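Derivation of every value follows stated rules applied to the coordinates shown; laboratory data play no part. These numbers were taken from a predicted model, which means no experiment stands behind them. Here the Cβ positions follow ideal geometry from the backbone for every residue, glycine too, while neighbour counts run over all protein chains shown.
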């Protein structure tokens, strides 16, 4: 049987004093899968990454990478994975080329040996190969760090919040690069606090407070959202938020970009789109003096589903 190059996490828990960073986490990331860990700061994403990359021991549970135990086989795992931590961790006083050569040497290889793997990424920063890493832009640092993580041709790639603090264009470019790496058969585990990036993953795990709320495909998670959802806008958005939350038929209401996302209560669910409740809402908002009220029925995003899971949890 072919060895599983995926990742197995079996009831893993980890605490720092009284803080429970991970609480009974179980996951299976399949070989060749692009899997996303989605959640806010403090969800436990980085702790899980450090356990899987053999930098930290779990308090309980077990885990394996490429069929290798993270404790017993830690040396072998380190040779078969690439890790890009959340903070830029390359040598800022070395040039782009010097950093890449250094990491290739650490893994007893050369840039030339695995250049095919990084060509499409490295060609974007090669014009700056003599520039010190510390002088690169955020997007260029990101590309260099990814090249260094790939230079030894790993079976599994761990990317811990790689797009945090990077401009939107560079974020899109980075995920396009991940699609290319996935096509080459590399198993990728990527964490992000950005819910809009979740749809680029094959499957995602939504995490909060060290727990895994759900695991599914992006479409599968969106399909679990059963309540009518509306985007609400008005001239005074702050007052609108307060009044919507005070409305008797409101189940939940949160700010999302330039709108408030509103869900109605159980009565609204049983009456389709809740026409009676909507009439009550329009009358209520008029009585509250709102002007320019706009309401639009919308499809839920991953972030809506995450907020619903928190409300119901």
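Need the full-extension length gain, residue 108 to residue 223, defined as separation in residues times 0.36 nm minus the C-alpha distance. One decimal, nm.
Stretched out fully, the residue 108 to residue 223 stretch lengthens by 36.7 nm.
Based only on other Cβ atoms within 10 Å, what is the fewest-to-most ordering of 224, 164?
224, 164
I need the P(r) histogram for region 1-78: all alpha carbon pairs, bin width 10 Å from 0 out to the longest distance, whole percents.
19, 53, 25, 3, 0
Pairs of alpha-carbon atoms within less than 8 angstrom and 6+ residues apart define the contacts here; what relative contact order does region 1-75 have, in percent?
That works out to 38 percent.
Before anything else, pin down the relative contact order of region 155-313: Cα pairs under 8 Å, at least 6 apart, normalised by residue count, whole percent.
23 percent.
Can you tell me the relative contact order of region 7-220? Whole percent, Cα pairs under 8 Å, sequence separation 6 or more.
The normalised contact order for region 7-220 reaches 31 percent.
Working from the alpha-carbon coordinates of the chain, get Rg over Rh, Rh being the Kirkwood radius.
1.06
Can you pull the one-decimal nm distance between simple spin-label points at residue 73 and residue 256, each 7 Å off the Cα toward Cβ?
Calculated label separation equals 4.2 nm.
For n ≥ 4 DSSP H runs only, could you compute -39500 (n - 2.57) per run for the chain, divide by its residues and tell me the 222 nm figure to the nearest 500?
One gets -10000 deg cm²/dmol as the mean residue ellipticity at 222 nm.
Going by a ≥ b ≥ c, the root eigenvalues of the Cα gyration tensor, does region 156-271 fall in the rounded group (a/c under 1.5), the prolate group (a/b larger than b/c) or the oblate group?
Prolate shape, in that a/c is at least 1.5 and a/b is the bigger ratio.
When 115, 254, 238, 122 are ordered from fewest to most other Cβ atoms inside 10 Å of their Cβ, what list results?
Arranged by neighbour count, lowest to highest, 115, 254, 238, 122 become 238, 115, 254, 122.
Under 10 Å, Cα contacts only: if you run a Gaussian network model on the chain, which one of 225, 16, 251 comes out with the highest mean-square fluctuation?
Of 225, 16, 251, the Gaussian network model singles out 16 as fluctuating most.
Compute the orientation-averaged projected area for region 225-312 from the convex hull of its Cα atoms and round it to one decimal in nm².
5.2 nm²
Kindly express, to the nearest 10 degrees and within the range 0 to 90, the angle between helix 302-312's C-alpha long axis and the longest C-alpha principal axis of the chain.
The answer is roughly 70 degrees.
Say each of residue 214 and residue 123 gets a label point 7 Å from the Cα, pointing the same way as Cα to Cβ; how far apart are those two points in nm?
Between residue 214 and residue 123, the simple spin-label model gives 4.1 nm.
Quick check on region 7-220: of the DSSP beta bridges with both residues there, what percent are antiparallel, nearest 5%?
Roughly 55 percent of the DSSP beta bridges within region 7-220 come out antiparallel.
Going by the alpha-carbon gyration tensor, a ≥ b ≥ c the square roots of its eigenvalues, is region 81-150 rounded (a/c under 1.5) or, if a/c is not under 1.5, prolate (a/b greater than b/c) versus oblate?
In terms of gyration-tensor shape, rounded.
Would you mind ranking 221, 51 by Cβ crowding within 10 Å, fewest neighbours first?
Placing the least packed residue first, the sequence is 51, 221.
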